[in-house]
Structures are given as structure tokens and as C-alpha cells.
Amino acid sequence: MKKVLDRINRNRYFLLFIVLFAYAQSIDSRIRERTELNAYTFTPDAAIGTLISVCILFIVLIFFTRRWQKSDIFSTTELLKIFSSSLISYLLIMQTISLAIAFIFDNIERNFNREIVTLTTFSYLLDGFIYGSFFLAYNYYNKNKRNQEQLVKYNKALSESRINQLKTQLNPHFLFNNLNVLDQLIEEDKYKASDFLNEFADIYRFVLQTSDKKTIPISEELTFATQYFNLIRHKYGNSYQLIIENENCNGAIVPLSLQLLIENAVQHNLGTEKNPVCIKILTNNNNISISNNLIPKRNTKPASGRV
């Protein structure tokens with residue numbers, strides 16, 4: 001009983017529409033038959049009778065839908081099969097009920113003759129077609145809505161998975177590359193190496209703090225990108241330049257994403273003091289664009305498999 005009430009509550013607006021449509025249909029039918037308005041025109045007995053027969057139709061449609069629909073998407077063949085079978089079954093059930101009522105009240109000849117059967121058959125088929133179409137359209141709408149929600153959840157989970165995968169790649173990759181830079185600086189200038197190590201410790205602390213976050217403010221990522229680029233300048237001097245134009249951007253971004261793009265620009269381009277590689281980051285209206293001039297290296301290292 002609780003499941004039935006829950007289902008009625010979930011579909012209350014559709015059921016309300018069916019009730020109002022049945023009531024309007026009964027009023028229209030009485031006006032056309034009697035060509036007058038009176039209290040009887042607005043009595044709900046005909047609408048209640050229609051509602052009962054419609055509930056029978058819906059039960060039949062649910063039965064055949066569950067039996068023959070193989071997927072959440074209706075195919076034309078399945079739709080025709082379900083609809084036609086439901087109409088025929090509905091007609092047989094309603095005529096059987098009419099025959100049983102006529103038999104109980106012993107008026108079969110008057111209420112179940114050929115003319116009455118023909119008229120009721122046409123009426124049942126017409127109602128079955130109208131209300132059955134309402135039901136299938138509503139059922140298809142709900143299934144499509146659920147599919148869209150599942151698709152959104154899937155895309156969200158996929159995006160989160162990709163972000164997490166990127167983070168697991170970034171941390172060891174970031175650490176490995178900068179330790180190589182530190183190793184080179186130790187051989188060249190131990191004082192520069194000491195400064196580099198201090199800055200690197202602060203930056204890597206930021207990496208560890210943001211590794212579990214999905215997004216961070218763009219302003220924090222820009223600050224980190226600037227600090228990271230200072231590490232690059234320890235090794236390359238003015239051969240690479242960073243320009244940031246920040247126009248009050250208040251959005252969020254995946255942490256370490258700008259660092260990765262800056263790293264790729266340095267890795268794949270050869271800058272010099274006279275002809276530097278200029279990396280430009282522009283933020284505007286919660287949008288970020290990053291670009292650099294191309295000075296390709298003659299001998300590039302094989303791709304590492306990371307973006």
C-alpha cells in the first residue's frame with residue numbers, strides 16, 4: 001500500500017491532468033448530446049467512470065511495457081506491439097466487465113446488444129487511444145529524464161575521475177622534474193640551489209595542500225603559477241617570460257592545471273635571452289586563456305604520456 005501511495009504521489013500532476021481531462025471530456029459530451037447546461041452537466045459521475053476505466057488501461061499498459069520493453073528507449077516495433085496489445089486487452093476487459101454487469105442485472109438484451117456493443121467498442125478504443133497516448137508520452141518523458149540524469153552523473157563521475165588521474169600524474173611528475181633542476185643548480189651554483197630549494201619547498205607545500213581539492217580559486221592558481229615560473233627562471237633566466245593579465249576573475253579551476261601548461265610550453269619550446277618564449281595568461285569574465293609564441297626545439301624528447 002505504501003508503494004502505491006508513493007507512486008501516486010510521484011505522479012500526482014499527471015494523474016491530476018487525467019482527472020481534469022476526463023471531467024472536461026464528460027462536460028463536453030453532455031453539452032453536445034443535450035445542447036443545454038444544467039446541474040447534471042457538471043456532475044462528476046461520468047468522469048469517475050472514465051477514470052476507473054483509464055486506471056485499468058494504465059495497468060494493462062504497465063504490464064505489457066514491463067514484459068516487452070527491453071531497454072529504456074522505445075523502438076517503433078516495441079511501441080506498436082505494446083500499444084496495440086494494450087488496446088485489444090483493454091477492450092476485451094471492458095467488454096467483459098460490461099457483460100458481467102448486464103448479466104448481474106439481467107438486462108443483457110437491452111445493454112449488451114449489437115448496437116450498444118458497437119458504440120461502446122468505438123468509445124473504448126477512442127479513450128484507449130487518447131489516454132494510452134498520454135500514458136506512453138508521460139512514461140517516455142520520465143524515462144528520458146532519468147536517462148539524462150544518469151548521463152549527467154556519469155559525465156560528472158568521469159570528469160572527477162580524469163581530474164583525479166591528472167593529479168596522481170602531476171605530483172610525482174612535478175617532484176621529479178624539479179629535483180632534476182635542483183640537481184643541475186647544485187653543480188652550477190650552490191647559493192642558487194639553496195634559494196631554489198626554499199622556494200620549491202613552499203611550492204610543493206601548496207601542491208600537497210591542494211592535491212585533495214577538486215577546484216581552487218583562480219587567484220590562488222595564478223599565484224602558484226607565478227611562484228612555479230620563478231623556479232623555471234632559476235634554470236633558464238630570461239629565456240622564458242610569463243605575463244599574467246588578471247581582470248577580476250572570481251571563478252575556480254582545477255589545481256596545478258596552469259603549472260602543467262607552463263611546463264609544456266617550456267618543454268616544447270627553445271627560448272633564448274635574445275628570443276624568449278613569452279607565455280601569456282589572460283583571465284576575463286571567469287574565462288582563462290593561455291598562449292605562447294612557438295620556437296620549437298630541433299630535437300624534442302619523446303612524449304611522456306602526460307598532457
Checklist outcome for this item: So the angle from the long Cα axis of helix 218-236 to the longest Cα principal axis of the chain, reported in degrees to the nearest 10, equals 30
Item to check | C-alpha long axis of helix 45-68 to longest principal axis of the chain, angle in ° | outcome: 50
Checklist entry - Which distance in nm do the two modelled labels at residue 11 and residue 190 give, with both placed 7 Å along the Cα-to-Cβ direction? => result 8.2
Next on the checklist: Tell me the net charge near residue 98. Cut-off is 15 Å between Cβ atoms, residue 98 excluded, with +1 for each Lys or Arg and -1 for each Asp or Glu.
Outcome noted: -2
Checklist outcome for this item: Taking placed amide H atoms and a strict 5 Å upper bound, the residues 5 or more places from residue 112 or on another chain that come that close are none
Checklist entry - Gain in length, residue 205 to residue 38, computed as 0.36 nm per residue apart minus the alpha-carbon separation, to one decimal in nm? => result 51.8 nm
Next on the checklist: Under 17 Å between alpha carbons, and skipping anything fewer than 8 positions from residue 214 in its own chain: which aspartates and glutamates qualify?
Outcome noted: 160
Checklist outcome for this item: Contour minus Cα-Cα span, residue 243 to residue 145, at 0.36 nm per residue, comes to 30.7 nm
Next on the checklist: Just to be sure I understand the model, the point goes 7 Å from the Cα along the line to the Cβ. What's the resulting residue 282 to residue 179 distance in nm?
Outcome noted: 3.9
Checklist entry - Using a cut-off of 26 Å between alpha-carbon atoms, which lysines can reach residue 81, once sequence neighbours fewer than 8 places away in the same chain are excluded? => result 70, 143, 145
Next on the checklist: More than 29 angstrom separation, counting every C-alpha pair in the chain; what % is that?
Outcome noted: 60
Item to check | For region 131-145, 3J(HN,Hα) per residue [Karplus equation, 6.51 cos²θ - 1.76 cosθ + 1.60, θ = phi - 60°, Hz, x = Gly/Pro] | outcome: 6, x, 5, 4, 5, 5, 5, 5, 5, 5, 4, 5, 5, 5, 5
Checklist outcome for this item: Amide H proximity to residue 242 below 5 Å, modelled H, separation 5+ or other chain, gives 279
Next on the checklist: What distance in nm lies between label points placed 7 Å from Cα along the C-beta direction at residue 111 and residue 197?
Outcome noted: 10.1
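Every number here is computed from the coordinates shown, using simple stated rules; none is lab data. Keep in mind that what you see is a predicted model, and the values were worked out from it rather than measured. For neighbour counting, all protein chains shown are included, and Cβ atoms are generated from backbone atoms with ideal geometry for every residue, glycine included.
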